[in-house]
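Colleague: Structure below; questions to follow.
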Amino acid sequence: MHRTISRRTQTSPTIGGNGIAGSDTNQLNLQFVVKYREAAKHKQKVFETEDEAIQFARTQNPNFRPDPIQETEAQASACLLLECTNKLRAHGKTVADATDFFVQHLMSNEKSCTARELVDEFLTAKQKEAASQFDLDDLRSRLATFSKRFNNHLVETITSAQIDDWLRALNVSIVTRNHYRRLIMRAFTFAVQRGYTNSNPVFGRFVVSRAGNC
């Protein structure tokens, strides 16, 4: 947490609060850092309490006053940090773990493509591989249905459950449904190879035929 107190001149000091997790999960300790200029050089001093920090800041500028609005914002930030820390700790994770995971997720999304773009690129690649006309027509027909359903969804965000629900909603036989699944699995394998997603949500998931099922 960083707390900046305004209403200062160019040479006025500022106070920042650095949040440090205490031994108690419901406690957040703060160290207060006063940043100021002396002899045209940037300096800083650390204090255990805010009062000490403010007193020192006033030795640098007698007119120094804390900004109550920013004080409230800083307290809200501290509470939010503590709340998130406790939620993650319940699952054995830290704020750093959550940050790394979310950044990786964002990077994956940035490299991803839409379902429609994947199908178009996959079909183009198969044409270049000189696939048979029968295979191309089959891919184009089945994957066009998949592309129409998921269209602008990023392939990185499409889940196994979404694909499974869509396949089960098709008014086709189990054999045809599994054929759709195989072709979509091939498209996602291509997506993994191209770096558009980190995993294949279809891999190895097939419907077993049972009497009385469609």
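Colleague: Could you please give the count of residues in segment 111-159 that are among the hydroxyl-bearing types (Ser, Thr, Tyr), touching a residue at least 24 places away in the same chain (Cβ under 8 Å), part of a helix (DSSP H, G or I) and open to solvent by 40 Å² or more (accessible area, probe 1.4 Å)? Reasoning before the result, please.
Modeller: Step one: filter segment 111-159 for residues among the hydroxyl-bearing types (Ser, Thr, Tyr), giving 112, 114, 124, 132, 141, 145, 147, 157, 159.
Next, only the ones that are touching a residue at least 24 places away in the same chain (Cβ under 8 Å) stay: 112, 114, 145, 147, 157, 159.
Next, from what is left, pick out any that are part of a helix (DSSP H, G or I): 145, 147, 157.
Those still in the list that are open to solvent by 40 Å² or more (accessible area, probe 1.4 Å) too: 145, 157.
Within segment 111-159, residues that are among the hydroxyl-bearing types (Ser, Thr, Tyr), touching a residue at least 24 places away in the same chain (Cβ under 8 Å), part of a helix (DSSP H, G or I) and open to solvent by 40 Å² or more (accessible area, probe 1.4 Å) number 2.
Colleague: Related question: If the requirement is being acidic (Asp, Glu), modelled with pLDDT of 65 or more, touching a helix residue (DSSP H, G or I) at 6+ places or on another chain (Cβ under 9 Å) and not in a loop (DSSP other than H, G, I, E, B), which of these qualifies: Asp97, Asp51? First the steps, then the outcome.
Modeller: Working: Asp51 fails: touching a helix residue (DSSP H, G or I) at 6+ places or on another chain (Cβ under 9 Å).
Only one candidate qualifies: Asp97.
Colleague: Inside segment 152-192, can you point out the residues that are within 14 Å of Cys113 (Cβ to Cβ) and more than 22 Å from the chain's Cα centre (by Cα)? Before the answer, list the steps.
Modeller: Looking only at segment 152-192, we keep the residues that are within 14 Å of Cys113 (Cβ to Cβ), and these are 152-158, 187-188, 190-192.
Scanning segment 152-192 gives Ala187, Phe190.
Colleague: Give the residues of segment 160-177 that are open to solvent by less than 50 Å² (accessible area, probe 1.4 Å), in a helix (DSSP H, G or I) and of a type in the set (A, V, I, L, M, F, W, C), sorted by residue number.
Modeller: Ile163, Trp166, Leu167, Ile174
Colleague: From the set of residues in segment 29-44 that are of a type in the set (A, V, I, L, M, F, W, C) and open to solvent by less than 50 Å² (accessible area, probe 1.4 Å), which is modelled with the lowest pLDDT?
Modeller: Of the residues in segment 29-44, the ones of a type in the set (A, V, I, L, M, F, W, C) are 30, 32-34, 39-40.
Subset that is open to solvent by less than 50 Å² (accessible area, probe 1.4 Å): 30, 32-34.
On the way: Leu30: 58, Phe32: 77, Val33: 79, Val34: 80.
For segment 29-44, the residue satisfying everything is Leu30.
Colleague: Another question, if that's okay. Might you let me know whether segment 187-196 holds any residue that is under 20 Å from Lys126 (Cα atoms) and exposed (fewer than 13 other Cβ atoms within 10 Å of the Cβ)? Spell out how you get there, then give the answer.
Modeller: Here is the first cut: in segment 187-196, the ones under 20 Å from Lys126 (Cα atoms) are 187-196.
Next, only the ones that are exposed (fewer than 13 other Cβ atoms within 10 Å of the Cβ) stay: 193, 195.
Yes, there is a match, as at least one residue in segment 187-196 is under 20 Å from Lys126 (Cα atoms) and exposed (fewer than 13 other Cβ atoms within 10 Å of the Cβ).
Colleague: Only one of these is under 30 Å from Thr157 (Cβ atoms) and either within 33 Å of the chain's Cα centre (by Cα) or at pLDDT below 75 (or both): His91, His2. Name it. Lay out the reasoning, then the answer.
Modeller: Working: His2 fails: under 30 Å from Thr157 (Cβ atoms).
Exactly one residue qualifies, and that residue is His91.
The values are calculated or read from the model by the stated rules, or taken from the named source; none is laboratory data. Please read these numbers as outputs of a predicted model, since none were measured by experiment. Positions of Cβ are generated from backbone atoms using ideal geometry, with glycine treated the same way; all protein chains shown enter the neighbour counts. The accessibility values were calculated without ligands, DNA or RNA, using every heavy atom of the protein model including side chains. Shrake-Rupley method; radii C 1.70, N 1.55, O 1.52, S 1.80 Å.
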